[in-house]
Amino acid sequence: MTLDPRITGAIEYGQDQHIDGMLHARILRSPHAHAIVLSVNTAGVPSDVVTLTRDDVVDLEPLYGPMVKDQPVVAGDRVLHVGDAVAAVAARTPREAEEALELIEVEYEELPGVFDPVEATSDSAPLLHEGLEIPAEYRPDGRNVCHRFRLKSGLGNDGFAGAEVVIEESFAIAGAAHNPMEPHATLAYWEEGRLHLITGTQTPFNTRRDMAALFRIPEEMIRVVVAPMGGSFGAKTFMRLEPITAALARKAQRPVRAVLTRAEEFITVNRHPAQFRIRLGANRDGTFVAKSVDAWWDTGAYADCGPSVCTKGGYAAIGPYRIPNVTVDSRCVYTNLPPAGAFRGYAATQGVWASERMTDLMADRLGIDPLELRLKNLLQDGDRFATGEVMHDVRFAECLRNAADAVEWGEGRKNKGLAVMLKGMQTPSRTGVALEIDAGGHVVLRSATTDMGQRPEIAQRNLAAHALGLSPDLIVVGPNDTDLVPFDTRTTSSRSTFMMSNAIRAAAHDLRQKIAERFEVAPEDLVLSDEGVGVAGSPDLSRPLAELAGVRGDGTFVTPGGLDPDTGQGIASSHWHQAAASAEVNVDAETGVTTITRLHTAVYAGNVVDRAGAELQNEGSTIFGIGSALYEGIVFEAGQVTNGNLSDYEIPSTLDVPDFTYELLEGGEHSHGLGEMAVPVVPAAIGNAVAAAGHPVRNLPMSAESVLG
Amino acid sequence: MEEPDWHAPATVEEAIALKARLGDGATVVAGGTFTGILVANGLIRPQAFIHLARVPGLDRIEIGDELRVGAMVTHRRVERSNEIRESPWACIAECFAQVASPRIRNQATVGGVLCDADYASDPPTLLVALGARVRLKSPSGEREVLVADFIKDHYETALQMDELLVELVVPKPPRLVTYLKFRSRSSEDRPCVGVAVAADLDGDGRCRTLRVVVGAVSGRPQEFPDACALAVGQRMSVDVATEIGRRYAERSSTLSDVRGSAAYRSRLIAVLVRRSLEPLAA
């Protein structure tokens, strides 16, 4: 029996990657949230330590970013957040590098900062970026706004006139830290003008594209090898350490490795703090009539994927409901906080919190059972969502009923809460995959799906084995290297199982076709088995797989779509993540401490291809949700993180996790990603339960103190 | 930069001599859970470490008229010691068992938690309520100091530059001792508030003596004997418990941190002191 290399310690994560002679990088970071960089003086640094300042990157594109090019490799004239990179060094040991940082002298002139996304849009707020080129698909309408997603359906706000009851509420969600066990880690080296990156990333192809643009070289001159990640949760999405490490390696003419410390993790990328103002109009019988969502997403100093976050969170806050009149105005705003980016539960966590607390507040107002109110308004097959798209394979009610039953909703609602959500998948999206027979008689699966602990190879081997009619033992997953794997958009938004299942099916079909060509028979007459390849009715034509070495099938799966940024109309998602949760709590009325007594999630899984993996993903998501619900919030004071360590920033420990239950609802034609389905619904269900216990919470996390109000 | 020197003395005397000689450039390392954080975050940059792991005798637990626990005894050993758990000092084992997680408790020491004088700690609160003392040795001799006097303020103790804390001494506790750790967040969190109660009741259930100590809310554990005096000579009642709680809440100085604001802590003190005293009414 082969032991999992994670258990034996044999696995080499990003931070374990090593090349003889490599140097160790450290980054000099701004202590100020907003300041002019008057001078950077490296004269005191020993000559055997390589330094990188703004003078070393003048030949590069000045700015990079996955959606808006707004981030420099190291600061130019200004620093925009505490932790902004000002300079970097590479030395023989991490300690020498650390000591060299102290020898760099930087003069700053402090500027006023802004730390709230609503304030940042006011005329008096400092302007963080000037003269940015914002791509045409975004709407930088407003001060410090890098994108504004608007949606209007039906009569929009005029629709409230037709509602018998209208309520308006505000909600706030704190920033949160991803806290993967392994921090960000990147190793870079240049060989004959070609850049090699061995890096923990969920986005090898985005990284290759964006690095090529930054270094002004063709994509072919960059190779990204994905190291297995010791967790990511969205943190290792898009470029992080790659630009600065590659720039150092270029100057050093030696391999350079950068690994962040835990404290640096808190100032590198976080979850967007968000604020919502929501109006909901309904008739007295509970029928939803109109809804408006105003949202402010604090993307920090650099946009990163904020424009996409404000879009997806904008429509997630509508909820999976049939509402004839909807408006959304969702703003992605620059502030002087550290950048915010992708975070497990991508924008839905914030949107669902606001939306589902709102649904319960409306139920209270109307005196209608929250389950009944939801069931009355949930989208059904054939309904149109506010984006105009027609919903298919709809399971919201099924998920919600399953969740309600788990806490015996019918037996009484005291201390109980429900939540249901719709979450989109990255759309449009493209996935390529190849299946190649090797000389050993195995089928090598070439896939860019990255491993951040979810072990995607199990699901993908099962999918390939099923599609080919072989045993999974014969399928081998090849190295994740952009030189070897077909293009894939990225491993995010729980899209890989869905996209890969379709691409693998196509690749298997292609492989059979290619083999059939060799045999000069029709593909349907081909018999594939672990013993080899044969032709139906001709036993003497059988040949072992190894004899077909080199035969390769390719498959691609593409989903079209996208939303109009001004009207919000179009296709938000090629298929929907559908989930519900229920919770029962005890709240200590004198201390505000919430104890979860029951917790259940029901997620639509489609066809489960890796049972253990699916269950573990959902369990992890649930625990993640508990952290967001009760404990996790980054505290900023004037832009400075004041709880940037794992003592002051608390994640749930094993003892905090109740005996929760869950149901993976199966059915339909597809396999769905399950990486984050429970994350958004768990806080909302717990919040509604806390409210049902007499504490009408509005904000996340629900700290004991905030529950007391 | 010079690497700090690492000293591993083999006797208490050697350790004391080293500490006296090296002065404030040296940091004593016991379990390293606190010093490790300080060094990693660049908050201290000692020229030398004095590691006590090889000093014999500092890992002893002795029970006689008093409980004696060596400075290098880990939290986990206190927690798991059958000798302590089956003695009148069982409350000590229970209190140390509530600190952080097993991984930390396997490393953190009794001497360390007292010398750190971190306000957000559990054991000092209980130890003050029990009238515990620390034994300090220096080249010129030794002395004993009440834990209540030893911890002066945030990270500040009565320990002199040439002194080493070698032992914790705990008198025999009264009949009823409790330590209530209130966590506002995860179960592995430091205390948001700690309340220790040490009471002696007579045959009729009247309070002979009562000490209530509130910890983790300001620089050092706090105690208000005149508020406790309300209960002495009578049976505890919910009213008296509530009143003592109210007075503690009113008089305790409280601070704000990630675990709760000063106002929240004041509110909690009233609740938690009352809850700690209510069992005495039974």
Exercise: per-residue mean of other protein chain Cβ atoms within 10 Å, B:179-189: 6
J(HN,Hα) series, region A:25-33, from Karplus relation 6.51 cos²θ - 1.76 cosθ + 1.60, nearest Hz, glycine and proline x: 9, 9, 10, 8, 10, 5, x, 9, 7
Trypsin sites (Lys or Arg not before Pro) lying in DSSP loop within region B:175-282, provided at most 13 other Cβ fall within 10 Å: B:R175
Residues A:S573, A:S529 arranged by fewest to most Cβ contacts within 10 Å: A:S529, A:S573
Pairwise label distance in nanometres, A:A638 with A:Q380, each label 7 Å out on the Cα-Cβ vector: 5.9 nm
Reciprocal of mean inverse Cα separation for region B:61-170 (Kirkwood radius, Å): 13.9 Å
Estimated FRET transfer efficiency when R0 is 35 angstrom, pair A:N586-A:S647 (beta carbons, to 0.05): 0.85
Förster radius 45 Å - calculated FRET efficiency between A:L616 and A:S124 (Cβ-Cβ, nearest 0.05): 0.35
Cα-centred dipole magnitude for the protein assembly as shown, charges only on beta-carbon of K, R (+1) and D, E (-1), debye, nearest 20: 1600 debye
Residue-by-residue Karplus 3J(HN,Hα) for region B:111-121, coefficients 6.51, -1.76, 1.60, Hz, glycine and proline x: x, x, 5, 7, 6, 5, 6, 6, 4, 8, 10
Spin-label proximity, B:D118 to region B:233-269 - amide N less than 14 Å from point 7 Å beyond Cα toward beta carbon: B:258-259
Rotationally averaged projected area of region B:1-115 (alpha carbon convex hull; nm²): 7.9 nm²
Placed amide H near A:H575: partners under 5 Å, 5+ positions off or other chain: A:M425
Shape call, region B:176-281: gyration tensor on alpha carbons, a/c limit 1.5: prolate
Region A:605-680: GluC sites (Glu not before Pro) in DSSP coil with no more than 14 other Cβ atoms inside 10 Å: A:E669
Segment A:E666-A:V390, extension gain: residue separation times 0.36 nm, minus the distance between their alpha carbons: 97.2 nm
Under 5 Å, built H, 5+ apart or other chain: amide partners of B:F224: B:V212
Long-range HN-HN contacts of A:A35 with modeled amide H, under 5 Å: A:V79, A:L111
Candidate lysines - alpha carbon under 19 Å from A:K423, same-chain residues fewer than 8 apart omitted: A:K152, A:K291, A:K312
Likely footprinting exposure, A:H672, A:H81, fewest C-beta neighbours within 10 Å first: A:H81, A:H672
Per-residue average of Cβ from other chains inside 10 Å of A:651-657: 4
Whole-number percent relative contact order across chain B, with pairs defined as alpha carbons under 8 Å at least 6 apart: 15 percent
Cysteines, chain A, no other Cys beta-carbon under 4.7 Å: A:C146, A:C305, A:C399
Shielding score for B:33-43, defined as the mean number of other chain Cβ atoms within 10 Å: 1
Inter-site label distance for A:T654 and A:A172 at 7 Å from Cα along Cβ, in nm: 3.7 nm
Stretchable slack from B:A53 to B:Q234, in nm (0.36 nm times residue separation minus alpha-carbon distance): 60.3 nm
Span-like helix ranges in chain A, DSSP H, alpha carbon extent 20 angstrom or more, Kyte mean at least 1.0: A:678-692
Tail fraction, Cα-Cα pairs, region A:191-302, threshold 16 Å, whole percent: 69 percent
Tensor-based shape of region A:429-559 (alpha-carbon gyration tensor, a/c under 1.5 rounded, otherwise prolate or oblate): prolate
Region A:326-340 - phi-based ³J(HN,Hα) in whole Hz, Karplus 6.51/-1.76/1.60, Gly and Pro as x: 9, 10, 10, 9, 10, 10, 9, 10, 6, 9, 8, 8, x, x, 10
Spatial separation of Cα centroids for region A:400-472 and region A:126-176, in angstrom: 32 Å
Percent RCO, i.e. relative contact order, over region B:5-51, from Cα pairs under 8 Å lying at least 6 residues apart: 59 percent
Percent RCO, i.e. relative contact order, over region A:429-559, from Cα pairs under 8 Å lying at least 6 residues apart: 39 percent
Chain B shape via C-alpha gyration tensor axes, a/c threshold 1.5: prolate
Local net charge near A:Y649, Cβ-Cβ under 13 Å (Lys/Arg +1, Asp/Glu -1): -2
Loop sites in region A:151-255: trypsin sites (Lys or Arg not before Pro), DSSP, at most 12 other Cβ within 10 Å: A:R216
Förster radius 41 Å - calculated FRET efficiency between A:E411 and B:A282 (Cβ-Cβ, nearest 0.05): 0.75
Fewest-first ranking of A:M499, A:M221, using other Cβ atoms within 10 Å as the exposure measure: A:M221, A:M499
Region B:5-51 - Debye-derived log10 I(q)/I(0), Cα point model, q = 0.18, 0.24 Å⁻¹: -0.51, -0.84
Pairwise Cα inverse-distance average, inverted: Kirkwood Rh of the protein assembly as shown (Å): 31.1 Å
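Every read-out reported here was derived from the displayed coordinates using simple, explicitly stated rules and does not represent laboratory data. Quick caveat, the model's predicted, so the values are computed rather than measured. We place every Cβ from the backbone using ideal geometry, glycine too, and count neighbours over all the protein chains shown.
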